[in-house]
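Before any comments, here is the structure.
The values are calculated or read from the model by the stated rules, or taken from the named source; none is laboratory data. No experiment lies behind these values; they were computed from the predicted model shown. FYI the Cβ positions are ideal-geometry reconstructions off the backbone, even for glycines, and counts take in every protein chain you see. These accessible areas exclude ligands, DNA and RNA; they are computed on the full protein's heavy atoms, side chains included. Shrake-Rupley method; radii C 1.70, N 1.55, O 1.52, S 1.80 Å.
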Amino acid sequence: MDAKDILGLPKNALPTQEKKSRPPRESQRKPDGISREVYALTGGLPPLMPAIDASQLKRKAQSENEKISWQWLPFSNSARKDDLQLYHWVRVVNGVPPTGDYSFAKYNKSVEVIKYTDEEYEKYLSDTNWTKEETDELFDLCQRFDLRFIVIADRFPSSKTVEELKDRYYSVSRAILIARAKSPSDISSNPLVKEPYNASQEAERKHSLSLILSHTKQQERKDVEVLAQAKRIYEARKSIKAPVEPELPTTSYNEPFAADKENFAADAATSSLNLQPSTAAAPNPVSEMASVVASLRTLHVYLRSYAHAQMVEAVSSSAAIRTIKRVEQTLQDLGVNLKPKIPTKSVCAEHLELRKDILTLLDLQRQLQNKEAESTSLHDTDTPGTPPKRALDLDRAFTPDTQTTGGERFNKREQKRKGSGRSSEAPSSPAQSKRPRKYKASD
């Protein structure tokens, strides 16, 4: 009898309930900027209540007698010339509305367009392609639309291009400034005089830029192939035209040291050939730079950052991948960007010069390590105080002396190792009644 019989329960086992499988949780990655502890507590959800109590925020001290109200009042705007009356909500304190100009009137900035007289036009501004009425209309539109020449070209009555409108405006302004100046030094720093507008260059720039922007992928691949072919042709022609310069013998006023210098140069050349067999066929950075410059000249318009990247690739063409990585690491250690943020002409030139200097420094460090390793190996082989080995001692093999005790032991070990062939190869020993005595190490 067991507990089930006492309680009157059936003896069969109770049906087990199947455990419901829980759906797998989706693992969420911790977002950046949140600590691990905060993310574990909040689950990445923003807090429902503000972390700062509203009472802790600073409030302006308000006197008990101060009454604040908002009123719909008119205001005047000095930026407008039509005296338009507008209304807005204004904060009024103790029934006294604020006075002064409109707060946003200070952001109304206009371009100062030069005005000219009829006498100045007849004397300095006459042009066969432009009439006085067209010039007056152009300057009125420039004053009205603040030199937005796209809008001006759309509103201009005659069919003039944007470049023609710009050229006329800047040429007239420049002529008026030069005519009104008392001395050339007064207007030498003015941008209109210092950098005159070039309409033909602007038109060519826009045309070239539109051609580049309208290129398809197939045309881009074809341009890359054409540039690669032009680069190969340029290198082939340069290698043919480049004359082979004979090496001139170096003379020295001190004759005893001349032979030592020649021997040192020969040793350095042989050691560099032995240590760096792969650098002999490396491309020349100078030729690579020349080919890059030639390929860039074929392009009408290109970005300076693209030209800088091509120059960097040409400078690093003769270096290994490990060396290039060391150059980039050195730039990062110096706090210099791998690519200039503002790729001006001077910045790109200085950046390339810095890369060349770093490559030269790494090359000198590598040569110094090779020379130190070579001198260490020579020092280990030629230790001072030990006599030099003769060639006869180096070539002669070790032959044990059979007349000594060590020779007898050596012959006995050889005979035991040979086994069955011992009787045929070993010399016959004389007949003795007793076994020969073995020698000890102390004997």
Which members of segment 87-119 meet the condition of being exposed (fewer than 11 other Cβ atoms within 10 Å of the Cβ) and hydroxyl-bearing (Ser, Thr, Tyr)? Tyr87, Thr99, Ser103, Tyr107, Ser110, Thr117
Being open to solvent by less than 70 Å² (accessible area, probe 1.4 Å), without any contact (Cβ under 8 Å) to a residue 12 or more places away in the chain and among the β-branched types (Val, Ile, Thr) is the filter here; which residues of segment 324-373 pass it? Ile324, Val347
Scan the helices (runs of 4 or more DSSP H) fully inside segment 191-243 and keep the ones with 1 or more residues being surrounded by 11 or more Cβ atoms within 10 Å (Cβ to Cβ) and small (Gly, Ala, Ser). 199-213, 217-241
So which pairs qualify, if the first residue must be in segment 151-180 and within 16 Å of Glu202 (Cβ to Cβ) and hydroxyl-bearing (Ser, Thr, Tyr), the second must be open to solvent by 40 Å² or more (accessible area, probe 1.4 Å) and not in a helix (DSSP H, G or I), the Cβ gap must be under 8 Å, and the two must be at least 6 apart or on different chains? Tyr169/Leu147; Tyr170/Pro196; Tyr170/Tyr197; Ser171/Pro196; Ser171/Tyr197
Select from segment 300-314 the residues that are surrounded by 14 or more Cβ atoms within 10 Å (Cβ to Cβ) and without any contact (Cβ under 8 Å) to a residue 24 or more places away in the chain and write down the one among them that is farthest from Ala230 (Cα to Cα). Tyr302
So Ser346 fits all but one of (1) at pLDDT 80 or above; (2) over 18 Å from the mean Cα position of the chain (by Cα); what number is the exception? (2)
Can you find, within segment 132-182, the residue that is nearest to the chain's Cα centre (by Cα) among those that are assigned to a helix (DSSP H, G or I) and aromatic (Phe, Trp, Tyr)? Phe149
Here the qualifying pairs (Cβ atoms under 8 Å; residues six or more apart or on different chains; first in segment 189-204 and farther than 10 Å from Glu164 by Cα and free of Cβ contacts under 8 Å to residues at least 40 places away in the same chain; second basic (Lys, Arg) and open to solvent by 70 Å² or more (accessible area, probe 1.4 Å)) come out as Leu192/Arg174; Val193/Arg174; Pro196/Arg174
Could you tell me whether Ala282 is modelled with pLDDT under 50 and open to solvent by less than 50 Å² (accessible area, probe 1.4 Å)? yes
Single residue of Ser317, Ser295 found to be in a helix (DSSP H, G or I), at pLDDT below 80 and surrounded by 14 or more Cβ atoms within 10 Å (Cβ to Cβ): Ser295
